[in-house]
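The values are calculated or read from the model by the stated rules, or taken from the named source; none is laboratory data. What you see is a predicted model, and the numbers here were worked out from it, not measured in a lab. Here Cβ is always computed from backbone atoms with ideal geometry, including for glycine, and neighbour counts include all displayed protein chains.
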Amino acid sequence: MKPDLSQHYILITGAGRGLGQHLAEHLAACGAIVGVADIDTATCTATVADLIAKGYEAHAYVGDLADQATFLQVADDFASKGGRIDAIINNAMILHYCPVEQVEDARLTAMLAVGIKAPFWSAQALLKHYDKERGASIINMSSPVAHRGYPNTSAYSAVKGAVTVLTKVLGAELGPKGIRVNAVSPASVPTPGALGLNTKEVYEKRAASNPLRRIGTYEDNNNAIAFLLSKEASFVNGEIFNVDGGASSAG
Ligand SMILES: NC(=O)c1ccc[n+]([C@@H]2O[C@H](COP(=O)([O-])OP(=O)(O)OC[C@H]3O[C@@H](n4cnc5c(N)ncnc54)[C@H](O)[C@@H]3O)[C@@H](O)[C@H]2O)c1
């Protein structure tokens, strides 16, 4: 789906690679001016160079978005390009699974910080920089792990569970101000991060058991988010949009 997002200023966190990188190109192709933010300098700058080479307007922001001051500074810089921010996609995350007895304090803290704290900073940034006439939108990245108990995913699932309820809370809190808050819950897209968690065999099994007999793609995620950002979704708020072939709802 390619809605007209021309002159939409959209900041995407964790957009140096994976779902965020592909989403940045999709939204740019819809006409958006994209802010590509990532903690990784090489992938962040390479993504933006690629987008500019393709004729799109894109801006790179390197930093740890778990940090409030960094997030708000990135938002200030991006807002200075066009005078506002229309949407923020909270996509950045550390993808890591392990048995609960192996959860380390430092890694858990880092996962909670980028996964849970950054969406709070995104709300603060958008409240400062959105255009009250146009309204604005936040999209969080949920996951099937937020809806069911998958062994060995405790830290990751705790983040996604928190982000899922935060989506509902902020949808209710910010809706009256004209800011819609929704989440997408994609499943089984073999991104660089996800390939560190799951083997090829796991993906084959998931495809075989999925009601639609396949795993997810970048396009599935892009299309769902483009819809949620579009004016056609102007009455969609506080929603968790499963893009998983029906895996979460199947018995
Ligand atoms: N791939 C899937 O199947 C899947 C399924 C459900 C949800 N998700 C969610 O989608 C999002 C993207 O996942 P992905 O599979 O593309 O992962 P990925 O690991 O390939 O990409 C994540 C990006 O986030 C960046 N990042 C991590 N910590 C950061 C920080 N503190 N500040 C700034 N950037 C940071 C990384 O550098 C990386 O570029 C995540 O929120 C993930 O939980 C993915």
The condition from (1) closer than 30 Å to TYR150 by Cα; (2) not in a loop (DSSP other than H, G, I, E, B) that ASP64 misses is numbered (2)
Hits in the range 67-107 (condition: part of a loop (DSSP other than H, G, I, E, B), away from the ligand (no atom under 16 Å from the Cβ) and crowded, with 17+ Cβ neighbours inside 10 Å): ARG84, ILE85, ASP86
Which one of the conditions (1) of a type in the set (Asp, Glu); (2) surrounded by fewer than 22 Cβ atoms within 10 Å (Cβ to Cβ); (3) farther than 17 Å from ALA87 by Cα does ASP244 fail to meet, given that it meets all the rest? (2)
Helices (runs of 4 or more DSSP H) completely within the range 143-248 that count 3 or more residues being among the aromatic types (Phe, Trp, Tyr): none
May I ask you to list pairs of residues, at least six apart or on different chains, whose Cβ atoms are under 7 Å apart, with the first in the range 102-113 being closer than 14 Å to SER157 by Cβ and of a type outside the set (D, E, K, R) and the second being modelled with pLDDT of 95 or more and assigned to a helix (DSSP H, G or I)? VAL103/SER154; VAL103/ALA155; LEU108/ALA155; MET111/ALA155; MET111/TYR156; MET111/VAL159; LEU112/VAL159
Which of the residues belonging to the range 63-93 are closer than 17 Å to ALA110 by Cβ and touching a helix residue (DSSP H, G or I) at 6+ places or on another chain (Cβ under 7 Å)? GLY63, ASP64, LEU65, ALA66, GLN68, PHE71, ASN90, ASN91, ALA92, MET93
Could you grab me the full set of residues in the range 9-30 that are part of a loop (DSSP other than H, G, I, E, B) and either in contact with a Lys or Arg (Cβ under 9 Å, 6 or more places away or on another chain) or of a type in the set (A, V, I, L, M) (or both)? ALA15, CYS30
Please go through the range 168-188 and pick out each residue that is in contact with a Gly (Cβ under 8 Å, 6 or more places away or on another chain), within 16 Å of the ligand (Cβ to nearest atom) and under 13 Å from ILE139 (Cα atoms). VAL181, ASN182, PRO186
Quick test for you: out of ASN237, ASN210, ASN140, pick the one residue that is among the polar types (S, T, N, Q) and under 15 Å from the mean Cα position of the chain (by Cα). ASN140
GLY196 under 30 Å from TYR130 (Cα atoms) and either among the basic types (Lys, Arg) or in contact (Cβ under 8 Å) with a residue 40 or more places away in the chain (or both): no
Of all residues making up the range 47-63, the number that are crowded, with 17+ Cβ neighbours inside 10 Å and touching a residue at least 24 places away in the same chain (Cβ under 8 Å): 9
